[in-house]
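S.K.: Shown below is the structure under consideration.
The values are calculated or read from the model by the stated rules, or taken from the named source; none is laboratory data. Being a predicted model, the structure only gives us computed values, none of them experimental. Methodologically, a virtual Cβ is constructed for each residue, glycine included, from the backbone with ideal geometry; neighbour enumeration extends over all protein chains shown. These area figures cover heavy atoms from the full protein model, side chains too; ligands, DNA and RNA do not enter into them. Shrake-Rupley method; radii C 1.70, N 1.55, O 1.52, S 1.80 Å.
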Amino acid sequence: MNLKRMSLLLLTLFCVISIAVLEFANYGSTSNSHTIEFFNQKPEVTSGYQELARLYEKTHPNIKVKITTVGNGSGASALQAKFVSGDAPDIVMLGGLPEIDRYHNRLLNLDNLPIQKKIVPSLKSGGRIYGHSLGVAVDIEGYGWAYNKAVFKKAGIDAGRIEDYASFKAAVEKLNAQKKALGLSGVFGFNGADTSSITSFSAQFLSQSYHNNLTKAYRSQHLNWRYSKRMADYVDLVKRYNVKPILSVRYDASVQDLFFHGKVAMIPQGNWIIPTLDEAQKGFSAKNLGMLPYFVKGQGQIMTGSSWYLGITNEHPQREKDAKDFLQWLYNSPESEKVIVQQMRYVPPTINFDLNKLPDPLSKEIYRIGTGKHAQVPVHKQFPNGFNQEAIGPNMQRYFANKISWQQFVQRTESQYYQLRQIQGGK
């Protein structure tokens, strides 16, 4: 009897220990599992980031990557709300030095992140402030006059022979003279309803005043309108030959309807429109999309830079390593490279990338220019917060509507820039 009781006691003890071991193992497994949140401000590539998250989770079973997307002008306020509520993401997409400065005390120093050694040198200053790198460039963007090759060919215009402002203007006038035969609603499809596009457009004439130095532009207390006369030349050309009324033209319509269907010959955009065009018709960009530079002083060159930078917050120390590992994987993995280049159509911000892997001629051209020693970086992302919505955008719209003179446009934007800079960073 005593032996039976002892056996039963040992069996019970064994069961208790086994359950405890299993519970501990399960607890350990759960405690080693993390969810990292990636805050994305580019809605057009959400599906690409979701695919990247899926691929990463497949080879990292203890990590889940949550993609949160808020864009179309609401991203900055949504991100700020998450920080204020104590729900800061782990990886954040940030637009320029003003946004990086806003959160600089809440971002990790990424100076020693291995990927920094591969980033194109001209892009690094856009993520660097107070002596440290707080963000890594997302991609290389090229910005200029996107032109429809089919329209140019039909009009008998060789884009390769447009090499200064005079020849650009002559080409515009030639297109306008054949407007009816070409089936054009206007030579240009400038989307005057979009203040962000107006700001990007203005960067062509403001960047060279700061010698394409992003830090210098951010710290400048005054807007340098050294090339405002040439900007006025382009703006007046647009006013005359654009689809009317110019203030009714919106971004989506200018790309997906006017440009895609050959109703206009040119729109002021960058290579970020490639996925939209190729989704509408496979191979459209490779066949029909070209880009001309702005001729601000002498020979023009397509400006290249990165509008967005990825940072890691210091709000969740237990997930910092996971966030760093995911960021490294984004820039180094063959699996991520395929999605980023083929699906999202990013031009990689890394040196020595194989050009043959880029799927269209324009992406290859942008990579060659952007990685060259004479790359020119646009500065519009370094303007004070609110400058595009409250100052330069509305003032340009007033000029388009003949409500103010060009001199008033320049004076107003200078004054408002100074006022905004006084109450914000960059001092």
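S.K.: Quick one: pull the percentage of alpha-carbon pairs in segment 320-427 with a separation above 18 Å.
M.R.: I get 67 percent for the Cα pairs in segment 320-427 exceeding 18 Å.
S.K.: In Å, what is the Rg of the alpha-carbon atoms in segment 66-176, and how long is Dmax?
M.R.: My reading of the Cα-based Rg and Dmax gives 20.9, 59 Å.
S.K.: Per residue, how much accessible area does the chain have with a 1.4 Å probe, in Å²?
M.R.: 47 Å²
S.K.: State the percentage of accessible surface on segment 109-194 attributable to carbon and sulfur atoms; use a 1.4 Å probe and exclude ligands, DNA and RNA.
M.R.: Values: 1820 of 3650 Å².
The nonpolar share, carbon plus sulfur, comes to 50 percent.
S.K.: Just the Kirkwood number for segment 245-337, please: inverse of mean 1/r across all distinct Cα pairs, in Å, one decimal. Display every interim value, and only then the final one.
M.R.: Numbers: mean 1/r = 0.0587 Å⁻¹.
Every distinct Cα pair counted, the radius reaches 17.0 Å.
S.K.: Cα atoms only, segment 135-286: Rg and Dmax in Å?
M.R.: 16.2, 50
S.K.: Can I ask one more? How would F387, F260 rank on accessible area, largest to smallest, probe 1.4 Å?
M.R.: F260, F387
S.K.: Can you give me the Rg/Rh ratio for segment 163-215, using Cα atoms for both radii and the Kirkwood formula for Rh?
M.R.: Answer for segment 163-215: 1.12.
S.K.: Over the chain, what is the relative contact order in whole percent, taking alpha-carbon pairs under 8 Å and six or more residues apart?
M.R.: 25 percent
S.K.: Under a straight-distance cross-link criterion of Cα-Cα below 15 Å, which aspartates and glutamates are reachable from K64, leaving out those fewer than 8 residues away in the same chain?
M.R.: Excluding near neighbours in sequence, the set is E37, E51, D90, E320, D322, D325.
S.K.: What do you get when you divide the Cα radius of gyration of segment 238-295 by 2.2 N^0.38 Å, with N the number of residues?
M.R.: Rounded to two decimals, the normalised Rg is 1.13.
S.K.: For E390 and T46, what is the calculated FRET efficiency with R₀ set at 25 Å and r taken between the beta-carbons, to the nearest 0.05?
M.R.: It comes out at approximately 0.35.
S.K.: Mind checking which lysines have their Cα closer than 28 Å to the Cα of K153? Skip sequence neighbours fewer than 8 apart in that chain.
M.R.: Answer for K153, where 28 Å is the Cα cut-off: K169, K174, K179, K180, K239, K244, K263, K282, K287, K297, K357, K364, listed by chain and number.
S.K.: In nm, give the distance between the simple-model label positions of Q281 and S77, each being 7 Å from the Cα along the Cα-to-Cβ direction.
M.R.: If labels sit at Q281 and S77, their model points lie 3.8 nm apart.
S.K.: Roughly speaking, what is the stretch gain from E320 to N105, that is 0.36 nm per residue apart minus the C-alpha to C-alpha distance, in nm to one decimal? Walk me through the numbers on the way to the answer.
M.R.: Details: separation 215, 0.36 × 215 = 77.40 nm, distance 1.52 nm.
The span from E320 to N105 would gain 75.9 nm if fully extended.
S.K.: Along the three principal axes, how long is the chain when you take its alpha carbons, biggest first, rounded to the nearest angstrom?
M.R.: Sorted from largest, the Cα extents of the chain read 111, 48, 39 Å.
S.K.: May I pose another question? Just grab the label-to-label distance for Q256 and K244, each label 7 Å out from Cα along the Cβ direction, in nm (one decimal).
M.R.: It is 2.7 nm.
S.K.: In addition: In nm, what is the difference between 0.36 nm times the number of residues separating D158 and H60 and their Cα-Cα distance?
M.R.: Taking D158 through H60 to full extension adds about 30.2 nm, to one decimal.
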